[in-house]
């Protein structure tokens, strides 16, 4: 979050600005896309990643809260996508190994 008096970035839970000593106002709204991206990252990784990235970019350009939610959504979505790709590659390689190792017909017919 940002100080309304001096404009410097301060931590989200701050009561006063460490730069100028002004009272921190928590009236700054949350970025909705960062919240949606964080929630989607647990169930739908790609839309969660997209929403989190857009929310993060909006937060950098303006004064919104929720930067940590956007970063968490990006990380969780990215990890989920990587794990899904690893599982798919492993399943394909396992299926190929099984198909080449074991014939599709019984050997007692020879």
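A few remarks follow.
- Helix 45-61 vs. the chain, principal-axis angle (Cα, 0 to 90°, nearest 10): 20
- The sum of -39500 (n - 2.57) across all DSSP H runs of n ≥ 4, divided by the residue count of the chain, sets its helix-only mean residue ellipticity at 222 nm to -19000 deg cm²/dmol.
- Put a dot 7 Å past the Cα of residue 11, heading toward its Cβ, do the same for residue 86, and the two dots end up 3.2 nm apart.
- Contact order normalised by residue count of the chain, Cα under 8 Å, 6+ apart, percent: 21
- On the beta carbon distance between residue 100 and residue 42, with R0 = 30 Å, the FRET formula returns roughly 0.20.
- Protection proxy ranking, highest mean first, for peptides 63-70, 13-20: 63-70, 13-20, where packing is the per-residue count of other beta-carbon atoms within 10 Å, averaged.
- Tilt relative to the chain, helix 67-101 - C-alpha long axis, 0 to 90 degrees, to 10: 0
Each value in this text was obtained by applying a stated rule to the coordinates, not by laboratory testing. Just so it is clear, the structure is predicted and the values come from calculations on it, not from any experiment. So basically every Cβ, Gly included, is an ideal-geometry build from the backbone, and we count neighbours across all protein chains shown.
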